[in-house]
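> Input: one structure, supplied below.
The values are calculated or read from the model by the stated rules, or taken from the named source; none is laboratory data. Model, not experiment: these values are computed from the prediction. We place every Cβ from the backbone using ideal geometry, glycine too, and count neighbours over all the protein chains shown. Ligands, DNA and RNA are stripped out before the accessible areas are found, and what is left, the full protein with its side chains, is counted by its heavy atoms. Shrake-Rupley method; radii C 1.70, N 1.55, O 1.52, S 1.80 Å.
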Amino acid sequence: MVEELFVSGHRACAGCGIATSFREVMKAVGKDVIVVNATGCSEIVSSPYPQSAWKVPYIHSLFENVPAVASGVSHALRSMGNDHTQVVCIAGDGATYDIGFGALSGMLERNDDVIYVCYDNEAYMNTGIQRSSATPWKAATTTSQVGSAVKGKPQGKKPILEIAAAHKIPYAASTSVGYPFDVAKKLKKAMGIKGARFILLFASCPTGWGLDTAKSIQATKLIVETGIWKMAEYENGKMTGVFKPGKRKPVEEYIKLQSRFKHLTPEDIAAIQKEVDASWTGLE
Amino acid sequence: MKKTIEGSEAMAETVQNCNPDVVACFPITPSTHIAEDLDHIYSNGGIRDFIPVESELSAISALIGASATGGRSFSTTSSQGLALMHEALFNAAGMRLSPVMVVANRALSAPLNIWNDHQDSVSERDSGWLQLFCETNQEACDAIPQAFKIAESIAIPVMVCVDGFYLTHAVEQVDVPDKELIAKYLPKFSPKVKLDSQNPITMGAYAFPSDYQDFRKDLFDDLNNSKADIMRAHDEWAKLTGRKYGNGLFEGYRLEDAEFVFLGMGSVMGNAKEAVDRMRAKGEKVGALKLRSFRPFPGEELAKAIAGKKVAVFEKAISLGGDAPIYTELTTAALEFHPNVVISSFIGGLGGKDVTVEVVVQVLQKIKGQEPLKEWV
């Protein structure tokens, strides 16, 4: 049995997808690692002084600077002759898509020897479910509310994986917490490569999504089975693989699980289905 | 070895000779040559690492990561760049890390202005960094190894503050401390705790109300107590090189029997000393006092040094909506320790406005009256 390096006793909500995802990530990465964590749910639930859920070296600095802190850790290790310890960033979608976006681009462009794992639960959950640029179209959050004039987030989701890959880094991949073997496979693959590696990890948030905690993992599978979320791989800027879910399920099966989408009209759902269908052109 | 060299280049060579593990710089406008010179050194194998980051916030953040990993880490910046680092400056100090920065002091926008004043560093006085201000490029080069020694021994980061242009772009004779000399002075950086996969620890945990204030008080106390560490680092360097700057906290010039004193920081003190000499030649009992350590502020020691005198505090920084920072702190210290002084506040030199010997003479003439003054010059 592989040792747990992100251990129980943390303060994550029931059904939290990110807590499960960290177990998956850390089991794949192993002990020879330094974790650099951005402010957010992951940090708040795991490191309240004097407790810590991390059995590996761990640093949290600020919200927006985690890629640069990781660059500093990585450069210091290599400069002092350590060429083996992996540096793994763990940051949410807010830290990655929004406030740390410039620092992320800088780290990727420099091709620093860092594995960046973004757990994407599609909003600022820790602070009360505010919209981020990872929040999907129409989703209700506390800053993209459903009112008489505006109904949910007017914008779509920023294509962060494609943006990361466009830096022509050696490896960029997306996965989902519902597929632990895929998570492990991609982390292991990333570990065998030097330079900047980016892993986008879809993680559920029952609290923020209005999702039954018992269906947390089911949702992270359904988003793949419906084709809304692609588990893809890019090497040096080019797509080299994508997981094909077979006959895709209707997007409605995923959407109807969550109260953040309960105001969607049949026309809205049809529009999402159409966009998902179009996104698979040439891939199936 | 003494050589004729630009200040920026002399400081870059000194940093090289301190054997840093990680250097991270962003060359914002305004910039000095320090970053370029360090990259030149890196490109020729003179330092092991140079991260060309995409912003100053990332520069200081890289230093946070490097220092937490046990690496000797250095950056340099100015004005807007330092302001952009603001959040991370507090974080580096709060995490008790040991990076060193040279801040080439320059004015803050708006209006945009690239020239010297002290508003950038002074505005970061509460960030938890030590701030050592330098009068000359020699003093700056001497302060850099001291800064590493202090920062790494007490786990508090240090800013070496040098006047933009007046020092960074000045070509003059400097005895750049060489590798052998610095190796004798500066021990290997071995922090008590660091990120190490053989010995996992958690750094940067968040603290509840029950603990947060205790962490802040620890840092507060250690920063105040660092006066002794600054003086010790200064004295040890003086023993090796013969170069000393007062007691390491401040330096008096013809101060003892002076009745009227010009107190300031940085390169303006060169002109201040010249002004004192000219006035002394005419029999006037004037002196100068150069503040080297702005953080920690040596209030009690300063108050003792100026007891019974009339003092003009000359500042290249302001506090909008309040009195000037050094004036405020010196007045408080005098009230507490030696109330028999008359302290006046002079603001000048903002955004590169020239502070000539004549300006210093005028300031010293003005404080001869009974009432303290508050003026812009």
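> In what order, largest first, do A:Lys238, B:Lys273 sit by accessible area if the probe radius is 1.4 Å?
A:Lys238, B:Lys273
> While we're looking at this one, here's another question. Which Rg and Dmax, in Å, describe the Cα atoms of the stretch B:36-89?
Spelled out, the Cα radius of gyration and Dmax of the stretch B:36-89 are 11.6, 34 Å.
> Report P(r) for the stretch A:25-148: all Cα-Cα distances, bin width 10 Å, range 0 to the bin holding the largest distance, values in whole percent.
That works out to 13, 41, 31, 11, 3, 0, 0, in percent per bin.
> Also: With only Lys, Arg, Asp and Glu charged, each at its Cβ (+1 for the first two, -1 for the last two), find how big the charge dipole of the protein assembly as shown is about the Cα centre; round to the nearest 20 debye.
Magnitude of the dipole: close to 1420 debye.
> How much area per residue is accessible in chain A when the probe is 1.4 Å and only protein heavy atoms are counted (Å²)?
For chain A, the solvent-accessible area averages 38 Å² per residue.
> In addition: Alpha carbon centre of the stretch A:1-55 versus the stretch B:154-172: separation in Å?
Each part's Cα centre sits 41 Å from the other's.
> For every other residue with a beta carbon closer than 15 angstrom to the beta carbon of A:Gly227, add +1 if it is Lys or Arg and -1 if Asp or Glu, then tell me the sum.
Once all neighbours under 15 Å are counted, the net charge is +2.
> Right, next: Taking only DSSP H segments of four or more residues, each worth -39500 (n - 2.57), what value at 222 nm results for chain B once the sum is divided by all its residues, to the nearest 500 deg cm²/dmol?
-12500 deg cm²/dmol
> Let me check the size of the stretch A:157-205 from its C-alpha atoms; what are the radius of gyration and Dmax in Å?
That works out to 11.1, 32 Å for Rg and Dmax.
> Of A:Met107, A:Met80, A:Met191, which is the most mobile in a GNM of chain A whose springs link Cα atoms less than 10 angstrom apart?
Comparing A:Met107, A:Met80, A:Met191 in the GNM, the peak value goes to A:Met80.
> Sticking with this one: With a cap of 15 neighbouring Cβ atoms within 10 Å, and only residues DSSP puts in a loop, list the trypsin sites (Lys or Arg not before Pro) found in the stretch B:194-264.
Passing sites in the stretch B:194-264 are B:Arg243, B:Lys244.
> With a/c under 1.5 counting as rounded, go ahead and sort the stretch B:8-125 into rounded, prolate or oblate using the C-alpha gyration tensor (a ≥ b ≥ c being the square roots of the eigenvalues; past the cut-off, prolate if a/b is larger than b/c, else oblate).
Because a/c hits 1.5 or more and a/b fails to exceed b/c, the stretch B:8-125 counts as oblate.
> Out of the stretch A:192-260, which chymotrypsin sites (Phe, Trp or Tyr not before Pro) are coil in DSSP terms and have no more than 14 other C-beta atoms within 10 Å?
none
> Once the protein assembly as shown is represented by equal point scatterers at the alpha-carbon sites, with solvent omitted, what log10 I(q)/I(0) does the Debye formula produce at q = 0.07, 0.08, 0.11 Å⁻¹?
-0.52, -0.65, -1.03
> Continuing with this model, one more query. Distance between Cα centroids, the stretch B:300-377 to the stretch B:39-82: provide it in whole Å.
Centre-to-centre distance over Cα atoms comes out at 36 Å.
> Moving to a separate point now. Could you sort the residues of the stretch A:59-76 by number and keep only those whose accessible area is reduced by 20 Å² or more in the all-protein-chain setting relative to the chain alone, 1.4 Å probe?
A:Ile59, A:His60, A:Ser61, A:Leu62, A:Glu64, A:Asn65, A:Ala68, A:Val69, A:Gly72, A:Val73, A:His75, A:Ala76
> Which of the residues in the stretch B:58-93 lose at least 40 Å² of accessible area when you go from the chain alone to all protein chains together (probe 1.4 Å)?
B:Ser61, B:Thr69, B:Glu87, B:Asn91
> With only alpha-carbon atoms in the gyration tensor, what are the semi-axes of the equivalent ellipsoid for the stretch B:2-241, in Å, largest first?
26, 21, 18
> Assigning unit charges at the beta carbon (Lys, Arg +1; Asp, Glu -1) and nothing else, what dipole magnitude in debye, to the nearest 20, does the stretch B:251-376 show about its Cα centre?
240 debye
> Okay, next question. Placing +1 on the Cβ of each Lys and Arg and -1 on the Cβ of each Asp and Glu in chain B, which of B:Gly322, B:Phe250, B:Ala205 has its Cα farthest towards the positive end of the resulting dipole?
B:Phe250
> Give me the percent of accessible area attributable to carbon and sulfur for the protein assembly as shown, probe 1.4 angstrom.
Of the solvent-accessible surface of the protein assembly as shown, carbon and sulfur hold 54 percent.
> Among A:Val114, B:Gly264, A:Ile269, flag the residue with its Cα farthest along the positive direction of the charge dipole of the protein assembly as shown, charges on Cβ as +1 for Lys/Arg and -1 for Asp/Glu.
A:Ile269
> Accessible area per residue, 1.4 Å probe, Å², for chain B: what's the number?
Using a 1.4 Å probe on heavy atoms only, each residue of chain B averages 39 Å².
> Separate question: How large is the charge dipole for the stretch A:17-279, taken about the Cα centre, if only the Cβ atoms of Lys, Arg (+1) and Asp, Glu (-1) carry charge, to the nearest 20 debye?
500 debye
> Which whole-number percent is the relative contact order of the stretch A:17-279 (Cα, under 8 Å, 6+ apart)?
Across the stretch A:17-279, relative contact order equals 17 percent.
> Could you identify which residue out of B:Ile201, B:Ile114, B:Ile343 has the top mean-square fluctuation in a GNM of chain B using Cα springs shorter than 10 Å?
B:Ile201
> Let me ask something else about it. Please tell me the relative contact order of the stretch A:24-148 in percent, rounded to the nearest whole number, where contacts are Cα pairs under 8 Å and at least six residues apart.
It rounds to 25 percent for the stretch A:24-148.
> Computed over the Cα atoms, what is the radius of gyration of the stretch B:251-376 divided by 2.2 N^0.38 Å, N being its residue count?
For the stretch B:251-376, the normalised Cα radius of gyration is 0.95.
> Give me the summed buried accessible area for the B-A pair, 1.4 Å probe, to the nearest 100 Å².
2800 Å²
> Also, I was wondering about something else. Relative contact order of the stretch B:2-241, please, whole-number percent, based on alpha carbon pairs below 8 angstrom and at least 6 residues apart.
Over the stretch B:2-241, the number comes to 23 percent.
> I would also like to ask the following. For a quick check of understanding: with a 1.4 angstrom probe and all protein chains in place, what accessible area in square angstrom does A:Lys189 have, to the nearest ten?
80 Å²
> On to the next question. Too long at a 18 Å Cα-Cα cut-off: which of A:Lys27/B:Lys192; B:Lys285/B:Lys310; A:Lys221/A:Lys274; A:Lys151/A:Lys249?
A:Lys27/B:Lys192; A:Lys221/A:Lys274; A:Lys151/A:Lys249
> Return the Rg/Rh value of the stretch A:17-279, two decimal places, where both radii are evaluated on C-alpha atoms and Rh is the Kirkwood radius.
Answer for the stretch A:17-279: 0.96.
> Could you tell me which of the pairs A:Lys31/A:Lys188; B:Lys149/B:Lys290; A:Lys188/B:Lys194; A:Lys138/A:Lys244; A:Lys55/A:Lys230; B:Lys188/B:Lys227 are separated by over 24 angstrom between their Cα atoms in the structure shown?
A:Lys188/B:Lys194; A:Lys138/A:Lys244; A:Lys55/A:Lys230
> A further question on this structure: Taking square-rooted eigenvalues a ≥ b ≥ c of the alpha carbon gyration tensor, is the stretch A:196-257 rounded, prolate or oblate, where a/c under 1.5 means rounded and, failing that, a/b exceeding b/c means prolate?
Here the stretch A:196-257 falls in the oblate category.
> Can you tell me the 0 to 90 degree angle between the C-alpha axis of helix B:137-154 and the longest principal axis of chain B, rounded to 10?
The answer is roughly 60 degrees.
> Sticking with this structure for a sec: In a GNM of chain A with a 10 Å cut-off on Cα contacts, which of A:Ile223, A:Ile163, A:Ile129 has the highest mean-square fluctuation?
A:Ile163
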